[in-house]
Amino acid sequence: MNREKILIFGPSWVGDMMMAKSLFSNLKKRNPKCIIHLAAPRWSIDIANRFPEIDKTIPLDFSHGKLDLIKRVRLSFSLRKEKYDECIFLVNTFKSLFSILFAKIKLRTGYIGEWRGLFINNNFQNNVLPTIEKFTALSKSKSYEPKIIPPSIKFDKTRGIKFLSKRKIPHHKLVVIAGGAEYGPAKILPQQKYAHIAIKLIEKGFHILLVGSNNDEKINHHINELTNFQCFDITGKTSLKDCIDIFSLSKYFLSNDSGLMHIAAALKLNQESFFGSSDPKHTPPVNKNSFINYLNLECSPCFKRECPLNHFNCMNQINESEVANRIICAIKK
């Protein structure tokens, strides 16, 4: 089997990067001798560095929402030196294609749309399949039929313990709550429900750890406030690398539909995920230990950032007492 060098332009969202792990695994299965380079936003490189399939990462520093044509053209010239056999696009924007304009890569694989057919010569038709299936399909060839490989990620429990110990946070009987979501409030379980669950678990002797990005600070602070500040809050104080190692220590993980949810799934944690405006058929946690809370109301999924009907029943009608009891029973087993 010939040595094959593949360049992949990875997604911006953390959850999508985790779903892309199935593609990386399939490419190595298709050709164990292949070399995979991943070009991705700098914030997701921590995740990529935990994937054994990735041989090299290329951080991208393009401004969000801008063409950055000069930067992209410069990148395309630098990529030419690598002499890639194939480039696979996991991003759907037309501007991303300028990054290989002068790279001289013969096989260019991706989903068509936004005039992308002008650049891509190994075309896949867009469809409504779950994200992990769409990404996995891009490894298909005449001699190889891919199958979904559940994402997994390397972790370091010792490093996680050191991180928590330095901050005097217990690492035993730990339950992690990621109360935010980057997309918007319609994806977020109300804070009083998270607080109710947290209080019930604290009464049973568990330690609650609140995590998330800087954008989640107000949300998680409110959860902690509702518990009379009985939780440990490290929101905005971790890298994705830290999160992976810390999560590996937890007995249970709770979150909305978010990137951190997919990291927890890759770690095969016991987890509860809450879906409101988004669709668990498209972006489910690929984890047999996950319980998906989704009411499947007539108005959902709406895919809106805020509830268009102003009642938010898709989240407000979730029974937090049932969730707390389920977690307590599961941890006792």
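The values are calculated or read from the model by the stated rules, or taken from the named source; none is laboratory data. Predicted model only: the values in this text are computed from it and were never measured. All Cβ positions, glycine included, derive from the backbone under ideal geometry; neighbour counts span all protein chains shown.
Residues checked against (1) in contact with a strand residue (DSSP E or B) (Cβ under 9 Å, 6 or more places away or on another chain); (2) without any contact (Cβ under 8 Å) to a residue 24 or more places away in the chain:
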site: SER22; (1), (2): no, no
site: ASN26; (1), (2): yes, no
site: ILE47; (1), (2): yes, no
site: ASP61; (1), (2): yes, yes
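Say whether the condition of being within 26 Å of HIS282 (Cβ to Cβ), in contact with a helix residue (DSSP H, G or I) (Cβ under 6 Å, 6 or more places away or on another chain) and not hydrophobic (A, V, I, L, M, F, W, C) is met by at least one residue in segment 59-78. So far as segment 59-78 goes, no, none of its residues is within 26 Å of HIS282 (Cβ to Cβ), in contact with a helix residue (DSSP H, G or I) (Cβ under 6 Å, 6 or more places away or on another chain) and not hydrophobic (A, V, I, L, M, F, W, C).
Going through segment 120-146 one residue at a time, which ones are outside any strand (DSSP E or B), touching a Phe, Trp or Tyr at 6+ places or on another chain (Cβ under 9 Å) and surrounded by fewer than 18 Cβ atoms within 10 Å (Cβ to Cβ)? Within segment 120-146, GLN125, ASN126, ASN127, LYS140 meet the criteria. Between ASN224, ASN256, the distinction of being assigned by TED's automatic domain parsing to the domain that holds CYS307, more than 17 Å from the chain's Cα centre (by Cα) and modelled with pLDDT of 95 or more belongs to ASN224 only. Scanning segment 90-118 for residues that are touching a Cys at 6+ places or on another chain (Cβ under 9 Å) and of a type in the set (A, V, I, L, M, F, W, C) yields ILE100, ALA103, ILE105, LEU107. Checked against the criterion of being under 24 Å from LYS268 (Cα atoms), surrounded by fewer than 21 Cβ atoms within 10 Å (Cβ to Cβ) and among the charged types (D, E, K, R), the candidates LYS241, LYS218 yield just one match: LYS241. Screening the candidates LYS66, LYS95, LYS56 for the property of being exposed (fewer than 14 other Cβ atoms within 10 Å of the Cβ) and in contact with a Leu (Cβ under 9 Å, 6 or more places away or on another chain) yields one hit, LYS56. In segment 154-169, is there at least one residue being outside the structural domain of SER44 (by TED's automatic domain parsing), free of Cβ contacts under 8 Å to residues at least 60 places away in the same chain and under 19 Å from the mean Cα position of the chain (by Cα)? For segment 154-169, residues outside the structural domain of SER44 (by TED's automatic domain parsing), free of Cβ contacts under 8 Å to residues at least 60 places away in the same chain and under 19 Å from the mean Cα position of the chain (by Cα): absent. Summed over segment 226-241, residues that are in contact with a strand residue (DSSP E or B) (Cβ under 7 Å, 6 or more places away or on another chain), in contact (Cβ under 8 Å) with a residue 40 or more places away in the chain and not in a loop (DSSP other than H, G, I, E, B) total 1.
Residues that are among the basic types (Lys, Arg), in a helix (DSSP H, G or I) and surrounded by 13 or more Cβ atoms within 10 Å (Cβ to Cβ) within segment 147-161 comprise just one, ARG159.
In segment 292-311, the residues that are not assigned by TED's automatic domain parsing to the domain that holds ALA181 form no Cβ pair under 9 Å with any partner that is part of a loop (DSSP other than H, G, I, E, B) and not aromatic (Phe, Trp, Tyr), whether six or more places apart or across chains.
In segment 136-150, the residues that are more than 20 Å from VAL91 (Cα to Cα) reach residues that are part of a loop (DSSP other than H, G, I, E, B) and among the β-branched types (Val, Ile, Thr) with C-beta atoms within less than 8 angstrom, at least six apart or across chains, in these pairs: PRO150/VAL286.
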